[in-house]
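The numbers here are math on the coordinates, done by the rules we state, and not lab data. Because the structure is a prediction, the values reported are computed rather than measured. Note that we place each Cβ from the backbone using ideal geometry, even for glycine, and neighbour counts take in every protein chain shown.
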Amino acid sequence: MKIRLTVEVTALTATLIDSETTRDFVSLLPLPLPLNDLFRREKFAHLPRAISEGGKRSHTYEVGDVAYWAPGPDVAVFYRHDGQKIPHPGIIVLGKIESGVEVLDVAGSVEVTVELADES
């Protein structure tokens, strides 16, 4: 399954991992999100509600990862790697943006719309 993240006029596509957490995230879509910057490595936004924590946790990330941070409850998109580990309890990776994630590498927040991508 794929989602589209639209930042102004740029559309990014992420391929999702099949997990309980991802399916619960998809149930929230479409979703407008004001993504705030954190550590100049990721943009994050609070979700309207907590979602399932049934996915695999990780304390590392790759550029392009779309992940769930349960304590928020937040969704994050990593646009730069700073070599730091993710603190406890870790993130649950939902999917990955293969290209174009550098559009998020701007100071401050950005408005993003997340929706299912048409795969036909």
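One table, with the values for the structure above:
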{"quantity": "Only Lys, Arg (+1) and Asp, Glu (-1) charged, at Cβ; the chain dipole about Cα centre in debye", "calculated": "320 debye"}
{"quantity": "Spacing of the two label points (7 Å from each Cα toward its C-beta) at Asn36 and Val106, in nm", "calculated": "1.9 nm"}
{"quantity": "Estimated inter-spin distance, His88 and Leu116, nm [label 7 Å along Cα→Cβ]", "calculated": "3.9 nm"}
{"quantity": "5 angstrom amide H check on Asp74, placed H, neighbours 5+ away", "calculated": "Leu47, Trp69"}
{"quantity": "Under 5 Å, built H, 5+ apart or other chain: amide partners of Gly55", "calculated": "Thr21"}
{"quantity": "Computed helical MRE - 222 nm, the chain, DSSP H runs ≥ 4 contributing -39500 (n - 2.57), nearest 500", "calculated": "-1500 deg cm²/dmol"}
{"quantity": "Footprinting exposure proxy for Arg4, Arg49 (fewest neighbouring C-beta atoms within 10 Å first)", "calculated": "Arg49, Arg4"}
